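J.: Following this message is one structure expressed as structure tokens.
The values are calculated or read from the model by the stated rules, or taken from the named source; none is laboratory data. Computed from a predicted structure; not experimentally measured. Cβ atoms come from the backbone with ideal geometry, glycine included; neighbour counts cover every protein chain shown.
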Amino acid sequence: MLHNQSILNNPFLNKGTAFTKQERQKLGLTGTLPSQVQTLEQQTTQAYAQFQSKTTPLEKRIFLMTLFNENRTLFYRLMDDHLVEFMPIVYDPVVADSIEQYNELFLNPQNAAFVSVDTPEDIEDTLRNAAGGRDIRLVVVTDSEGILGMGDWGVNGVDIAIGKLMVYTAAAGIDPSQVLPVSIDAGTNNQKLLDDPLYLGNRHKRVTGDRYYEAIDKFVQAEQKLFPESLLHWEDFGRSNAQVILDKYKDKIATFNDDIQGTGMVVLAGILGALNISKESIKDQKILTFGAGTAGMGIANQIMDELMQEGLTEEEAKQHFYAVDKQGLLFEDTPDLTPAQKPFTRKRSEFTNADELTNLEAIVKAVHPTIMIGTSTQPGAFTETIVKEMAKNTERPIIFPLSNPTKLAEATAEDLIKWTDGRALVATGIPAEDVDYNGVSYQIGQGNNALMYPGLGFGLIASTAKLLNKETLSAACHALGGIVDTSKPGAAVLPPVSKITEFSQKLAEVVAQSIVDQGLNKEPIQDVKKAVADMKWTPEYQDINND
Ligand SMILES: NC(=O)c1ccc[n+]([C@@H]2O[C@H](COP(=O)([O-])OP(=O)(O)OC[C@H]3O[C@@H](n4cnc5c(N)ncnc54)[C@H](O)[C@@H]3O)[C@@H](O)[C@H]2O)c1
Ligand SMILES: O=C(O)C[C@H](O)C(=O)O
Ligand SMILES: [Mn+2]
């Protein structure tokens with residue numbers, strides 16, 4: 001039988017002051033709560049007033065996380081009512097502050113699993129213990145080597161896995177008791193953490209090579225064994241591991257890498273939205289990706305698939321890309337190319353001044369891109385000179401500075417609109433205010449994978465997908481890219497976050513339909529819409545049956 005202390009401390013079951021008199025009697029809670037029985041609505045009003053009394057974003061976050069730790073139903077009910085206000089607090093950008101101060105702020109492990117590379121023999125128990133008998137359908141795992149654009153944050157990065165899952169529930173409606181955030185603690189190369197006597201993770205340099213990959217494999221095997229119906233979402237792994245891990249598992253289990261695929265999808269959807277506005281064809285675009293890492297090359301690959309679907313050969317499609325990294329424009333003979341970069345290199349003979357193409361300004365002058373995507377972690381890299389140069393050669397430059405968090409963005413939306421006299425079609429990684437310029441209010445799409453992964457993941461889970469392939473990824477991009485309202489001047493290239501629950505549902509249906517159409521569902525599904533609707537969790541208290 002559930003005992004009073006355990007139920008009040010169980011965030012999946014706790015109702016606090018909303019336990020009825022009968023429930024209090026049945027559960028041995030009589031006298032352990034004030035006498036008034038509140039409704040969920042009353043609790044929500046009270047909690048929102050408390051939230052509003054907090055003055056800084058971090059204080060607001062701490063309040064919301066406390067509520068989350070105590071009562072998931074109340075937390076998500078409140079988040080439903082204030083989604084646009086809460087997203088930047090529980091997720092990017094404020095999640096970045098909490099990661100930087102994880103040990104200072106630590107109060108509660110938040111039902112995460114802490115997998116240690118030092119004790120691989122404990123991996124299965126770790127997952128089992130953290131799940132605590134819950135029926136896990138969705139796992140978000142990070143090893144935190146590349147947290148947003150902030151680098152290596154060791155065990156602190158667990159907060160990004162928790163934040164991603166909060167967005168999944170708020171946006172798509174995954175039952176919060178069916179999710180598991182996982183930190184793979186492989187050590188850290190962040191000297192500041194290693195020197196901090198209060199650091200909570202494994203205090204040694206990162207384990208690499210075979211020991212690392214064996215631990216990852218042990219984790220995947222245990223995860224699949226314990227939660228055979230789950231989807232596995234990889235987040236913020238380092239550049240040298242992210243693609244390798246994805247390639248190892250993507251044809252065997254339902255899995256995706258959010259930085260590679262989620263970002264590729266939201267950017268393609270944003271480009272499709274932008275081209276709806278400019279009435280141009282994707283086949284006429286020259287795409288410059290600045291920061292050819294995990295996200296940059298994921299984006300290039302997703303756009304590449306689109307160009308090939310439009311009838312281009314692989315060779316023809318490649319001619320549309322210019323990948324730029326620290327070394328400058330990437331050529332066939334550039335040293336230190338990653339496997340993901342190699343297919344997207346150019347020939348030096350294409351340019352008269354190839355040796356000078358080591359900085360963005362020179363490259364933009366030589367290439368005349370029509371689309372410029374920033375995933376470089378280099379703040380302010382899209383300067384006025386560069387943007388004006390780009391805008392000379394295209395009527396509606398598509399410019400997405402996507403590096404997160406706020407302090408790392410390649411440019412602000414406001415500057416981009418002003419420098420191009422309102423012509424740029426812009427999306428940013430974090431939420432941006434409307435930009436008022438020359439009598440037009442420009443709405444700025446949020447080019448963040450958060451617009452994509454909840455619907456994608458939910459659709460895969462609801463359809464019991466065996467795998468995620470190119471067909472499904474493409475279907476989802478078109479579904480989101482097609483939602484843009486192009487009728488108003490200043491229209492955004494992506495649908496607003498305020499509509500995220502609606503479009504996540506649509507995305508989930510499109511994804512589930514694609515899985516079923518390809519016969520990639522594990523269990524029979526008659527009606528895709530019904531499967532998605534049936535899976536959706538809503539924040540309401542259930543009667544507790546304790547017999
Ligand atoms: N908005 C989104 O949805 C979204 C999604 C994923 C990543 N991102 C952001 O994109 C950035 C990169 O993330 P990632 O996962 O690809 O990291 P990553 O480390 O894999 O890639 C970053 C790349 O930028 C390159 N770079 C560094 N300095 C540079 C310079 N001066 N000039 C050109 N290139 C330079 C690095 O060499 C690397 O290849 C982060 O800030 C992250 O927050 C945003
Ligand atoms: O976490 C985000 O806000 C988006 C993305 O996954 C990132 O790594 O920046
Ligand atoms: Mn990420």
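J.: Which one of these is under 30 Å from S504 (Cβ atoms) and more than 16 Å from ligand 1 (Cβ to nearest atom): K205, K250? Lay out the reasoning, then the answer.
T.: Working: K205 fails: under 30 Å from S504 (Cβ atoms).
Of K205, K250, the one residue that is under 30 Å from S504 (Cβ atoms) and more than 16 Å from ligand 1 (Cβ to nearest atom) is K250.
J.: Of all residues in the range 393-415, count the ones that are in a helix (DSSP H, G or I) and within 15 Å of ligand 1 (Cβ to nearest atom). Before you say what the answer is, go through the steps one by one.
T.: Of the residues in the range 393-415, the ones in a helix (DSSP H, G or I) are 406-408, 413-415.
Imposing the further condition that a residue be within 15 Å of ligand 1 (Cβ to nearest atom) reduces the set to 406-408, 413.
Going through the range 393-415 one residue at a time, the tally reaches 4.
J.: Follow-up. Would you say I483 is within 28 Å of L74 (Cβ to Cβ) and aliphatic (A, V, I, L, M)? Even if it seems obvious, please write down each step before you answer.
T.: Details: within 28 Å of L74 (Cβ to Cβ): no; aliphatic (A, V, I, L, M): yes.
In short, no.
J.: In addition: For the range 446-453, indicate whether the set of residues that are part of a helix (DSSP H, G or I), touching a Pro at 6+ places or on another chain (Cβ under 8 Å), crowded, with 19+ Cβ neighbours inside 10 Å and of a type in the set (S, T, N, Q) is non-empty. Reasoning before the result, please.
T.: The initial filter retains those residues of the range 446-453 that are part of a helix (DSSP H, G or I), namely 449-451, 453.
Subset that is touching a Pro at 6+ places or on another chain (Cβ under 8 Å): 451.
Okay, now just the ones that are also crowded, with 19+ Cβ neighbours inside 10 Å, so 451.
Now narrow it down to the ones that are of a type in the set (S, T, N, Q): none.
No, the range 446-453 contains no residue that is part of a helix (DSSP H, G or I), touching a Pro at 6+ places or on another chain (Cβ under 8 Å), crowded, with 19+ Cβ neighbours inside 10 Å and of a type in the set (S, T, N, Q).
J.: To continue, here is another question. Using the structure shown, decide if D118 is more than 16 Å from ligand 2 (Cβ to nearest atom) and without any contact (Cβ under 8 Å) to a residue 12 or more places away in the chain.
T.: Details: more than 16 Å from ligand 2 (Cβ to nearest atom): yes; without any contact (Cβ under 8 Å) to a residue 12 or more places away in the chain: no.
Considered against the rule, which asks whether it is more than 16 Å from ligand 2 (Cβ to nearest atom) and without any contact (Cβ under 8 Å) to a residue 12 or more places away in the chain, D118 comes out as no.
J.: Could you grab me the full set of residues in the range 145-159 that are within 14 Å of the chain's Cα centre (by Cα) and more than 16 Å from ligand 1 (Cβ to nearest atom)?
T.: Step one: of the range 145-159, the residues within 14 Å of the chain's Cα centre (by Cα) are 146-149, 157-159.
Within the range 145-159, V158 is the sole residue that qualifies.
J.: Given the condition surrounded by 19 or more Cβ atoms within 10 Å (Cβ to Cβ) and in contact with a strand residue (DSSP E or B) (Cβ under 6 Å, 6 or more places away or on another chain), answer yes or no: does some residue in the range 103-113 qualify?
T.: Initial filter on the range 103-113 (surrounded by 19 or more Cβ atoms within 10 Å (Cβ to Cβ)): 111-113.
Now restrict to residues that are in contact with a strand residue (DSSP E or B) (Cβ under 6 Å, 6 or more places away or on another chain): 112-113.
Looking for residues that are surrounded by 19 or more Cβ atoms within 10 Å (Cβ to Cβ) and in contact with a strand residue (DSSP E or B) (Cβ under 6 Å, 6 or more places away or on another chain), one finds at least one in the range 103-113, hence yes.
J.: Within the range 257-276, which residues are within 16 Å of ligand 3 (Cβ to nearest atom) and touching a Phe, Trp or Tyr at 6+ places or on another chain (Cβ under 7 Å)?
T.: Of all residues in the range 257-276, those within 16 Å of ligand 3 (Cβ to nearest atom) come to 257-267.
Answer for the range 257-276, where residues must be within 16 Å of ligand 3 (Cβ to nearest atom) and touching a Phe, Trp or Tyr at 6+ places or on another chain (Cβ under 7 Å): N257, D258, G262, V267.
Yes/no per residue for (1) surrounded by fewer than 17 Cβ atoms within 10 Å (Cβ to Cβ); (2) within 19 Å of the chain's Cα centre (by Cα):
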site: R423; (1), (2): yes, no
site: A427; (1), (2): no, yes
site: Q443; (1), (2): no, no
site: A465; (1), (2): no, no
site: S474; (1), (2): no, yes
site: D485; (1), (2): yes, no
site: P489; (1), (2): yes, no
site: L494; (1), (2): no, yes
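J.: Could you please give the count of residues in the range 312-353 that are of a type outside the set (F, W, Y), surrounded by 13 or more Cβ atoms within 10 Å (Cβ to Cβ) and in contact (Cβ under 8 Å) with a residue 24 or more places away in the chain?
T.: The total comes to 15.
J.: On to the next question. Do any residues in the range 496-508 that are in the same structural domain as V484 (by TED's automatic domain parsing) have Cβ atoms under 7 Å from those of residues that are in a helix (DSSP H, G or I) and of a type in the set (V, I, T), where the two are at least six apart or on different chains, and which pairs are they?
T.: Taking only residues 6 or more apart or on different chains, the pairs are V497/V84; S498/V84; Q505/V532; A508/V532.
J.: Let me spell it out: the conditions are (1) within 16 Å of ligand 2 (Cβ to nearest atom); (2) over 28 Å from the mean Cα position of the chain (by Cα); (3) of a type in the set (D, E), and E410 meets all of them except one. Which number is the exception?
T.: The number of the failed condition is (2).
J.: Could you tell me whether D118 is modelled with pLDDT of 95 or more, on the phi < 0 side of the Ramachandran plot, surrounded by fewer than 16 Cβ atoms within 10 Å (Cβ to Cβ) and part of a loop (DSSP other than H, G, I, E, B)? Reasoning before the result, please.
T.: Details: modelled with pLDDT of 95 or more: yes; on the phi < 0 side of the Ramachandran plot: yes; surrounded by fewer than 16 Cβ atoms within 10 Å (Cβ to Cβ): yes; part of a loop (DSSP other than H, G, I, E, B): yes.
In short, yes.
J.: Still on this model: Which is away from ligand 2 (no atom under 16 Å from the Cβ) and either within 23 Å of V179 (Cα to Cα) or not assigned by TED's automatic domain parsing to the domain that holds G374 (or both), of I260, I253?
T.: On the way: I260 fails: away from ligand 2 (no atom under 16 Å from the Cβ).
Selected residue: I253, the only one of I260, I253 that is away from ligand 2 (no atom under 16 Å from the Cβ) and either within 23 Å of V179 (Cα to Cα) or not assigned by TED's automatic domain parsing to the domain that holds G374 (or both).
J.: For the range 142-170, which positions are aliphatic (A, V, I, L, M), in contact (Cβ under 8 Å) with a residue 60 or more places away in the chain and more than 13 Å from ligand 2 (Cβ to nearest atom)? Walk me through it before giving the result.
T.: Residues of the range 142-170 that are aliphatic (A, V, I, L, M), as a first pass: 147-148, 150, 155, 158, 160-162, 165-167, 170.
Within this subset, residues satisfying the condition of being in contact (Cβ under 8 Å) with a residue 60 or more places away in the chain are 147-148, 150, 160-161, 166-167, 170.
Result: A170, single match.
Here is a yes/no grid of residues against (1) of a type outside the set (K, R); (2) in contact with a Gly (Cβ under 8 Å, 6 or more places away or on another chain):
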position: Q191; (1), (2): yes, no
position: N202; (1), (2): yes, yes
position: G209; (1), (2): yes, no
position: R239; (1), (2): no, yes
position: T263; (1), (2): yes, yes
position: V266; (1), (2): yes, yes
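J.: Report, by residue number, each residue of the range 64-90 that is surrounded by 23 or more Cβ atoms within 10 Å (Cβ to Cβ) and either among the small types (G, A, S) or not in a helix (DSSP H, G or I) (or both).
T.: Within the range 64-90, just N71 meets the criteria.
J.: Taking the criterion of being of a type in the set (F, W, Y) and either outside any loop (DSSP other than H, G, I, E, B) or out of contact with any Leu (no Cβ under 9 Å at 6 or more places or on another chain) (or both), would at least one residue in the range 345-364 satisfy it?
T.: Our first condition is that a residue be of a type in the set (F, W, Y); within the range 345-364, this holds for 351.
The next check asks that each one be either outside any loop (DSSP other than H, G, I, E, B) or out of contact with any Leu (no Cβ under 9 Å at 6 or more places or on another chain) (or both); those that pass are none.
Taking every residue of the range 345-364 in turn, none turns out to be of a type in the set (F, W, Y) and either outside any loop (DSSP other than H, G, I, E, B) or out of contact with any Leu (no Cβ under 9 Å at 6 or more places or on another chain) (or both).
J.: Starting from residues that are aromatic (F, W, Y) and crowded, with 21+ Cβ neighbours inside 10 Å, keep the ones in the range 246-304 and report whichever is farthest from G149 (Cα to Cα).
T.: The initial filter retains those residues of the range 246-304 that are aromatic (F, W, Y), namely 249, 256, 290.
Remaining after also requiring crowded, with 21+ Cβ neighbours inside 10 Å: 256, 290.
Details: F256: 20, F290: 14 Å.
Here the answer is F256.
J.: Another question about this same structure. Just checking, does the range 286-302 include any residue being touching a Pro at 6+ places or on another chain (Cβ under 8 Å) and not basic (K, R)?
T.: Within the range 286-302, the first condition is being touching a Pro at 6+ places or on another chain (Cβ under 8 Å), and the residues that meet it are 286-288.
With not basic (K, R) added as a condition, the list becomes 287-288.
Within the range 286-302 (the criterion being touching a Pro at 6+ places or on another chain (Cβ under 8 Å) and not basic (K, R)), the answer is yes, since at least one residue qualifies.
J.: Between I174, I162, which is aliphatic (A, V, I, L, M), out of contact with any Lys or Arg (no Cβ under 6 Å at 6 or more places or on another chain), more than 16 Å from ligand 1 (Cβ to nearest atom) and in a loop (DSSP other than H, G, I, E, B)? Don't jump to the end; show me each part of the working.
T.: On the way: I162 fails: in a loop (DSSP other than H, G, I, E, B).
None of the others qualify; the one that does is I174.
J.: Name every residue in the range 378-419 that is crowded, with 23+ Cβ neighbours inside 10 Å and either of a type in the set (S, T, Y) or touching a Cys at 6+ places or on another chain (Cβ under 7 Å) (or both), in order of residue number.
T.: S403
J.: Please specify each residue of the range 10-30 satisfying the condition of being closer than 17 Å to Y76 by Cα and out of contact with any Phe, Trp or Tyr (no Cβ under 8 Å at 6 or more places or on another chain). If you could, list the steps in order and put the result at the bottom.
T.: First, the residues of the range 10-30 that are closer than 17 Å to Y76 by Cα: 10-18.
Passing the criteria: N10, F12, L13, N14, G16, T17.
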